[in-house]
Each structure stands twice: as structure tokens, then as C-alpha cells.
Amino acid sequence: MTVSPTPTAARPAPRRPEPATRKNRKTRPPAGIARRRARTGWLYTAPALTVIALVTLFPVVYSVILSFSDVRFTFGGVRVEEWTLGNYTTMLASPVWLEALAFTVGYTLVTVAVEIALGIAAAVLLDRLEAGRGWILALLLIPWSLITVVSAQLWDFLYDATFGAVTWLFGLVLDQPPVILGTPVPAITGMAVADIWKTTPFVAVIILAGLVRIPKERYEAAEMDGAGAWATFWNVVLPALRPVVSVAVLFRVLQAFGIFDLPFVLTQGGPGTATQSLAVLGYKTLFQNLDIGMGAAIATSTGVLVIAGCLLFLRMFRSQVDEGGAA
């Protein structure tokens with residue numbers, strides 16, 4: 001008796017590479033056409049680049065030049081007397097500038113920290129809502145959509161020492177309600193509350209965009225491991241939100257450090273110099289004291305500090321993204 005060999009599965013024939021045809025061959029335009037396209041692109045964008053240079057770059061460069069100048073007013077206009085570092089040496093030794101710097105840094109740190117905490121809490125609540133999220137999100141965005149000057153004027157009415165609603169509420173529990181915008185600590189607190197009320201929705205929207213991108217499998221895995229709500233938030237949600245939180249912190253630090261309109265409308269930098277930011281100090285020095293060189297030095301130093309903060313947080317943001325990708 002003969003045994004027939006067991007049939008083996010036929011191996012597929014190796015796939016031959018497709019011949020290069022016009023359809024599957026990647027072609028590059030000739031060098032002459034590429035250069036012509038590049039010239040056409042520069043030609044179309046030249047008007048926009050010119051406007052940006054005139055509106056943005058020229059004032060910045062001119063302000064830096066004036067900051068190193070001794071500028072005098074004459075009957076013929078403005079004249080540069082000499083090039084000097086005196087504006088910066090005077091500014092760095094000025095207690096008014098140091099006080100404005102301390103207020104700006106402290107105000108930025110406190111308001112951004114509170115806005116990040118409240119923004120994360122609001123985003124988590126919105127993410128858990130199944131009905132009415134759109135309406136609540138629309139209502140939440142109303143403070144952020146208001147122009148800052150309008151928002152500041154609204155809070156100025158609320159803080160009014162005679163007819164303000166906030167003053168009336170303090171009068172219900174206190175014998176003598178404080179003059180909110182006329183006392184240093186209440187003025188700083190009231191301005192911070194107005195800023196937090198306006199910009200927390202912006203932070204919440206950014207963080208909500210990061211929450212909806214977290215895969216549901218991570219929550220299910222944490223639940224199977226027996227993790228509670230706080231452990232899930234701390235070990236699953238917060239690490240996934242680090243890049244998004246870094247972006248929110250970056251935007252808010254840049255905005256808060258250059259704050260001008262809110263203290264200018266509410267307190268004019270007062271009482272005294274309690275709420276005088278670097279931007280308000282630069283405005284007063286330049287337009288009220290007519291000290292062009294010193295005002296330009298304050299503006300330039302503020303810009304340098306903002307750029308340094310921007311680079312620092314961009315580096316932090318990149319490290320957060322790298323850690324998130326490695327995880």
C-alpha cells in the first residue's frame with residue numbers, strides 16, 4: 001500500500017515591483033518651474049509681509065532704539081541727544097519699576113494657578129455631562145467673549161463704593177464694607193477676581209479639548225485595577241493632560257504678564273502704585289511724564305521678560321510632549 005504525500009499549502013508568488021509608470025511615479029517639477037512658483041508665492045505674500053513689517057516690526061525696532069537714547073522735545077519735534085545706557089540703569093535702580101515687576105510677577109503666578117485649577121475642574125464636569133453640555137459651554141464662554149475693557153467696566157460698577165452690588169453684599173455681613181478699589185489688598189483681590197472670571201472659560205475649553213481625546217480604554221483599565229475617582233484623575237487624566245495644560249499656561253502667562261486694560265480701567269494702577277503693572281507703568285512714563293527714552297526702556301524690558309517666559313514654557317511644553325509620547 002502506498003501513502004500519498006500530504007499536500008502542502010502553495011506559497012504565494014513573490015510580488016514583483018510595479019513598473020514605473022506615469023501614474024505611480026513621483027515626479028518633481030523642474031528647477032525652473034519650482035523657482036517660478038517660489039517667486040510667485042513671495043509676490044503674492046509681499047503685501048501682507050510689508051504690512052506686518054510696518055505695523056509690528058518697525059515699532060518694536062524703533063522702541064528698542066529709543067530705549068538706548070536720550071530723547072528731548074524741541075520746537076521742531078523729537079530729537080535724539082545721545083546714545084546711552086542711562087535709561088536702563090535708572091530703571092533697574094528705580095523702586096517703582098521693581099514694585100511694578102513684583103506685582104506683575106505675583107499677579108501672574110496667582111491668577112494663572114487659580115485659572116488652571118478652576119479650568120480643570122470645569123472641564124472635568126463638562127466632560128462628564130451627557131445632556132446640555134452645549135448650552136452650558138455656550139454660557140461659560142460669555143465672560144471670555146466680552147472685550148476686556150467692557151468686562152473691566154462691568155466690574156467697576158459692581159465694585160462701586162456707593163451703588164456696587166459687591167459692596168452691598170459685604171455690607172450685609174460687615175458693619176463697615178471695604179472700599180474695594182480704594183484699598184490696596186481689596187483692589188488687588190478684586191482685579192484678580194475679575195481676571196479669573198473672564199479667562200477661566202478659555203482655560204476650560206482648552207483642557208476640555210484634551211479630555212475628549214483620552215481613550216475610554218484607559219478609564220476602563222483603571223476601573224478594572226480598582227482605582228477610585230481621585231486615583232484615576234491623578235494617574236490617568238492628569239498625565240494625559242500635561243501637554244494641554246502646558247499650552248494653557250503658556251497663553252495665560254503671556255496674557256497676564258502684559259496686563260494693561262484691566263488695571264487701567266479699574267484702578268489706574270492705584271491706590272498709589274498697588275496695582276501698577278509694567279504695562280501701566282510704561283504707559284504713564286511715556287504718555288503722562290513724556291519720558292520717551294525711559295518709557296521705551298520699560299516697554300523693551302517687558303518684552304524681553306515676556307520672550308524669556310515664552311521660551312521657558314515652550315521648552316517645558318516640548319518636554320511634556322516628549323514624555324507623553326514616550327509613555
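Some points to look at:
- Residue among Ile196, Ile52, Ile147 with the largest mean-square fluctuation in a Gaussian network model of the chain, springs linking Cα atoms under 10 Å: Ile52
- Distance in nm between pseudo-label sites at Ala161 and Met316 (7 Å out along the Cβ direction from Cα): 3.9 nm
- In degrees, nearest ten, helix 184-211 long axis to first principal axis of the chain (Cα): 10 degrees
- Carbon/sulfur fraction of accessible area - the chain, other protein chains in place, 1.4 Å, %: 68 percent
- Over the stretch 33-105, the fraction of Cα-Cα pairs per 10 Å bin, rounded to whole percents and listed from the shortest bin up, is 15, 23, 27, 17, 13, 5, 0.
- Kirkwood-based Rg to Rh ratio, the chain, C-alpha trace: 1.17
- Dipole magnitude (debye, nearest 20) for the chain, charges at Cβ of Lys, Arg, Asp, Glu: 2800 debye
- Using a probe of 1.4 Å on the protein chains alone, the accessible area found for Phe58 is around 120 Å².
- Note on the stretch 18-143: Rg/Rh from Cα positions, Kirkwood definition for Rh, rounded to two decimals, is 1.25.
- Against the chain, whose longest principal axis comes from its Cα atoms, helix 58-67 is set at around 50 degrees.
- Solvent-accessible surface ranking, highest first, for Lys216, Lys284 at 1.4 angstrom: Lys216, Lys284
- For the chain, the per residue solvent-accessible surface stands at 66 Å², with DNA, RNA and ligands left out and a 1.4 Å probe.
- On Cα atoms only, tilt of 292-326 relative to the major axis of the chain in degrees: 30 degrees
The values are calculated or read from the model by the stated rules, or taken from the named source; none is laboratory data. None of these values were measured; they are calculated from a predicted model. FYI the Cβ positions are ideal-geometry reconstructions off the backbone, even for glycines, and counts take in every protein chain you see. To get the accessible areas, we keep the full protein, side chains included, count just its heavy atoms, and leave off ligands, DNA and RNA. Shrake-Rupley method; radii C 1.70, N 1.55, O 1.52, S 1.80 Å.
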